[in-house]
Amino acid sequence: MKQNILFRTAVAMLLASAAFTACTDTIAVGDASLDKATSSTATIDSVFQNAEYTRQFLVGIYSKQYYGLPYYNGGTNIPHTANPYTGKMDALTDCWHDFWNGAAVYQKYYTGSLTASVGRSDGLDGPLYSYDKEFQWKIIRSAQIFLANVDRAPETDMTQEEKDRLKAEARCLMVSAFFDTFQHYGGIPILDHALETSEVSGQFPRNTVEECVNWMVGELDKAIAENAFPWITANPATMNGRWTKAGAMALKCKILQFAASPMLNPKDGKPYYDGISEDVKPFVMYTDASKYQERWDAFASACDAFYDELTRNGKYQLVQATVPSSANTADKRVPYYRLAYRQGYFLNASTEILHSVRVQGNDINTAGRYCWHSWYSKSVPRNAFCPTQEYVEKFSWSDGEPFNWTNAAKKTYANQATEPDSTMVYDDKGNATITVTNFVTNPRTGKITRNKKSLHTMFVDGDVPSGGRQINTVLTRDPRLYEECIVNGQNLNLDWTTASMSGYPWELWYKGNDGGTGVLTQQNTMFGSGYGFNKYYLGTGAYPGDDAADSYRYPTQWVALSLPEFYLQYAEALVMRSSKDVAKAVKMVDIVRSRVGLPTIAKNWISKDYRGAKGYTATTAAAAVEASVALANGETSNEFIEELLDERVRELGLTDAHWFDMIRYKRTDWMTKQLHGLMQYRLIQKAKVFESRNAAWVGSDRENDPSSQQPLFFLSFVKDITGNSRYLWNKDPKSNEVKKWLLDPIPQVEINKQYGLVQNPGWE
């Protein structure tokens, strides 16, 4: 039967229009190959009897892929997650916080007002990832139409080999969209063919978790087995963004990792939500606990297969730093490692990206359309998306030693904990004199400089020439920190060729040029926690060129699957499989750590200082797998997994990895704990004592007093985050009140249509 692609039914969610023209003005992949457009609506016959139209139909499906950064301010035909007024899912974890009360993050999640009965008219009224407004059902149905019709394209214009390759790509697109939704909702309806008009009145109930996982894996296995499906694209520079066999195998690993994890695969067979009905259980978990280990082994086997193919085929590898011999200490090497890390996730055709999605459109600096970068304007409150102190403390010193607040301040935050290497003495008039105890005094000149690893060097070190800016800034922490976060004293720019740092420092102290009073007000400020986000935002110049402006950033690709993520997945699989291989797991983690110049975790674990700073009891990495950790959520973990989860968030920041780790490991303790920021006060040296100077350096002291040196000494306080406090903070992480948030509610309006959907527990 001849069908029109513009195929509408009464069941809007499931039978959404498949009128995918290949118009790619919203999302595009690659720089050329997928950047074509066709006319509007056409029939199935007219499309698939023309090879070029057939190719472009698939491009149209590519154009609807999930893109994890809010990118478009305005328009109706965009997914909810594209709207900058929604926010980032990572802001629901313990590592980031949103200080803008105009975002859905605040209005629905922080306030605890999300319900299943939402209108979904814009990005503020429902879950951040919408059940029916992320194009996922369009992608799935359109992929099925493509799979059913691509063989009709004339052989003279499209070889069977090309058809088979495109079929494999379509299967990956379909499964990826399905999995994106599955992670948020649990079992969802499987549409295994393009629905006909005669099926409008049919029932489309939720499929079980087991059925969903089996279907996704089955479709990916078909793609992986296809001989025409390349391991890597023939021309990554122009074909970047196409699904490949490597991407398909990596996606299979990710699906099986999620499936094997405690949320869906509880070892004791108990559901995450107490009192859940037996009818609902299969949609949110596996119900046969006897196969618990079998699921972890399946995940490990998929990782084995990918690793074997990677070993055979190569092509993918981590971007490595080019470090000059002059960089002869760990801290001097940090900028080079930082640059390699940046290039790995940002550069088009990076050898460590297994699949990415790119957004096509004008940059904020030219037209204001591409809105991720508009999050970086001080005048635009939606940029109030800030890393927390909890997150920043996960990053070690550059030599691998854990960052450590001495004494009680490390894990037991006082409301205003004076940093241990400074003391304050007040006179009878209330004036304070600050004495810095952790410093080095030059016996000849009397000049005071900072000790390495003092709290004054928690982010940067280096000397300042008289009256000038810091010209030899040294980054003291894990290189990834400076890509994930903006921290006090960090230079604005990093040269893409030389890795040299330039520009004025970020002034995040109280009343500094950038931080202002943000930590105090904690409202609509990009530095409300004392930190700003940095990943996927690189400079202020115009693409291409202009290295000095740090501007290799247009368009920004969303990294959906990467080689570092796989290595860390494999490490998890190796310690959770029935035949553990801890040595190989450590090797996988060390591959990721070595790229940024950090020591092996085996070396860390035999260090008494390391174990003491972390609170670990195991004396080796192998023993850490067996060292039990009792969690506040009532679950148990082990020291190796806890360290691995920290490594994942350090490496995979702003990719939703921490959000899904929170879900799959049922980490309601991350959802309920009070979070913190960092308040810093600038200190001015007066002989051997210091006084507070709450004023900007750039635009104030430096301009008015040329002898004013760049600030190096600070008084630091760990401060409770109070702005936009969260409904779940300080609630019992073991309660159903908290647990229900691990899965999102299915829209009640869809359930009311009575085609077989049932609600997730707690949202009824």
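Contact map, region 663-682: first residue at positive phi and modelled with pLDDT of 95 or more, second residue among the hydroxyl-bearing types (Ser, Thr, Tyr) and part of a loop (DSSP other than H, G, I, E, B), Cβ cut-off under 7 Å, separation 6 or more or different chains; pairs are Lys666/Tyr272.
Table: residues versus (1) at pLDDT 95 or above; (2) within 27 Å of Leu354 (Cα to Cα); (3) of a type in the set (S, T, N, Q); (4) within 26 Å of the chain's Cα centre (by Cα).
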site: Lys252; (1), (2), (3), (4): yes, yes, no, yes
site: Pro266; (1), (2), (3), (4): yes, no, no, yes
site: Val280; (1), (2), (3), (4): yes, no, no, no
site: Ala302; (1), (2), (3), (4): yes, yes, no, yes
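As for region 337-355, it holds at least one residue that is modelled with pLDDT of 90 or more, closer than 30 Å to Leu310 by Cα, among the hydrophobic types (A, V, I, L, M, F, W, C) and part of a strand (DSSP E or B). Of everything in region 603-619 that is charged (D, E, K, R) and within 15 Å of Asp399 (Cβ to Cβ), the residue that is surrounded by the most Cβ atoms within 10 Å (Cβ to Cβ) is Lys603.
Is region 719-740 home to any residue that is under 22 Å from Lys686 (Cβ atoms), in contact with a strand residue (DSSP E or B) (Cβ under 6 Å, 6 or more places away or on another chain) and not aliphatic (A, V, I, L, M)? No, that holds for no residue.
Here region 710-725 is the region considered, the condition is being aliphatic (A, V, I, L, M) and in a loop (DSSP other than H, G, I, E, B), and the residue that is farthest from Gln522 (Cα to Cα) is Leu712.
The strands (runs of 3 or more DSSP E) located wholly in region 587-687 that include 2 or more residues which are closer than 30 Å to Gln710 by Cα and touching a strand residue (DSSP E or B) at 6+ places or on another chain (Cβ under 6 Å) occupy 676-686.
Checked against the criteria, Tyr307 does not count as in contact (Cβ under 8 Å) with a residue 60 or more places away in the chain and closer than 21 Å to Arg342 by Cα. In region 620-633, the residues that are surrounded by 16 or more Cβ atoms within 10 Å (Cβ to Cβ) form Cβ pairs under 7 Å with partners that are basic (Lys, Arg), at six or more places apart or across chains, as follows: Val625/Lys580; Asn633/Lys666; Asn633/Arg667; Asn633/Lys734. Just one of the numbered conditions (1) closer than 24 Å to Ser529 by Cα; (2) modelled with pLDDT under 65 is not true of Gly468: (1).
Among the residues of region 726-745, write down those that are part of a loop (DSSP other than H, G, I, E, B), basic (Lys, Arg) and surrounded by fewer than 21 Cβ atoms within 10 Å (Cβ to Cβ).
Matches in region 726-745: Lys731, Lys734.
Each row is one residue, and each column tells you yes or no for (1) touching a Ser or Thr at 6+ places or on another chain (Cβ under 9 Å); (2) of a type in the set (A, V, I, L, M, F, W, C); (3) in a loop (DSSP other than H, G, I, E, B); (4) at pLDDT 90 or above.
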position: Trp375; (1), (2), (3), (4): no, yes, no, no
position: Lys378; (1), (2), (3), (4): yes, no, yes, no
position: Arg382; (1), (2), (3), (4): yes, no, no, no
position: Cys386; (1), (2), (3), (4): yes, yes, no, yes
position: Glu390; (1), (2), (3), (4): no, no, no, yes
position: Lys394; (1), (2), (3), (4): no, no, yes, yes
position: Phe403; (1), (2), (3), (4): yes, yes, yes, no
position: Ala408; (1), (2), (3), (4): no, yes, no, no
position: Tyr413; (1), (2), (3), (4): no, no, yes, no
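Scanning region 499-513 for residues that are in a loop (DSSP other than H, G, I, E, B) and either within 27 Å of the chain's Cα centre (by Cα) or crowded, with 24+ Cβ neighbours inside 10 Å (or both) yields Ala499, Ser500, Trp506, Glu507, Leu508, Trp509, Gly512.
Considering each of Leu492, Leu475, Leu481, Leu455 in turn, give the residue that is within 21 Å of Ser398 (Cβ to Cβ), surrounded by fewer than 20 Cβ atoms within 10 Å (Cβ to Cβ) and of a type in the set (A, V, I, L, M). Spell out how you get there, then give the answer.
Working: Leu475 fails: surrounded by fewer than 20 Cβ atoms within 10 Å (Cβ to Cβ); Leu481 fails: surrounded by fewer than 20 Cβ atoms within 10 Å (Cβ to Cβ); Leu455 fails: surrounded by fewer than 20 Cβ atoms within 10 Å (Cβ to Cβ).
Step by step, each of Leu492, Leu475, Leu481, Leu455 is checked, and only Leu492 is within 21 Å of Ser398 (Cβ to Cβ), surrounded by fewer than 20 Cβ atoms within 10 Å (Cβ to Cβ) and of a type in the set (A, V, I, L, M).
Select from region 104-132 the residues that are of a type in the set (D, E, K, R) and over 21 Å from the mean Cα position of the chain (by Cα) and write down the one among them that is modelled with the highest pLDDT. Within region 104-132, the match that is modelled with the highest pLDDT is Asp132. Checking Gln754, Gln685, Gln759 one by one, the residue that is more than 30 Å from Asn451 (Cα to Cα) and more than 34 Å from the chain's Cα centre (by Cα) is Gln754 and no other. Within region 43-51, one or more residues are in a loop (DSSP other than H, G, I, E, B) and modelled with pLDDT of 85 or more.
Of the candidates Pro70, Pro84, Pro127, Pro79, the single residue that is in contact (Cβ under 8 Å) with a residue 12 or more places away in the chain and under 21 Å from Asn760 (Cα atoms) is Pro127. Summed over region 218-242, residues that are among the aliphatic types (A, V, I, L, M) and in contact (Cβ under 8 Å) with a residue 60 or more places away in the chain total 4. Looking only at residues of region 219-270 that are in a loop (DSSP other than H, G, I, E, B) and of a type in the set (A, V, I, L, M, F, W, C), we find that the one that is nearest to Glu162 (Cα to Cα) is Ala228.
The values are calculated or read from the model by the stated rules, or taken from the named source; none is laboratory data. Treat the numbers as computed from the prediction; the structure is a model and nothing was measured. Don't worry about glycine lacking a Cβ; one is built from the backbone with ideal geometry, like all the others, and counts go over all protein chains shown.
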